[in-house]
Amino acid sequence: MKTIFTIHAPKAKHLAKVKAEMIAMGAPTIRVVDCGDYLMALEGCHRIAAAHALGITPNLCVIDQDEIVDVTGFDWFDAANWAESEYQAGEVAGELFSTQAVEYRF
C-alpha cells in the first residue's frame, strides 16, 4: 500500500463528473514522483479522489526524483511562479507539497 499526496482537495462538483467518467472508462493513469515514503501526484487530484472513492487503483506512471520534468504541460503551471520550464522531479514534488495536500492510500 502506497500513500499518494495530491496538490489540493478536489471540488465536489467536478469530482462527481470525474467519478461518472471513471465508472465508464476505468482506472486513470496518473504521473507521480517517488519521494521514498510516499508518492506526490503531479496531476489528477480529482482522478485520484474519484478512484479512491470508487475503490479503483489508479495506474501510476512513477517518476524518479532525479528525472527531469517539463512543468509547462501541467494545469497548475504559472510562468510567474516557475523561472524555468524543466526541473528535477524531486524539486517539483517539494514545491507542490503544501498544507493543502490531501493523502490517499491505495
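No lab work stands behind these numbers, since they all come straight from the coordinates. As the structure is a computational prediction, the values presented were derived from the model and not from experiment. When we count neighbours, we look across all protein chains shown, and the Cβ atoms used for this are built from the backbone with ideal geometry, even at glycine.
Taken over the range 1-58, the residue count meeting the criterion of being farther than 19 Å from residue 75 by Cα, among the basic types (Lys, Arg) and surrounded by 15 or more Cβ atoms within 10 Å (Cβ to Cβ) is 1. Figure legend. Inter-residue proximity from the range 7-31: first residues charged (D, E, K, R), second residues part of a helix (DSSP H, G or I), beta-carbon distance below 7 Å, spacing 6+ or different chains. Indicated pairs: 19/50; 19/53; 19/54.
Listed by first and then second residue, the pairs linking a residue in the range 88-100 that is surrounded by 20 or more Cβ atoms within 10 Å (Cβ to Cβ) to a residue that is of a type in the set (Asp, Glu), with Cβ atoms under 7 Å apart and 6 or more places separating them unless they lie on different chains, are 89/64; 89/67.
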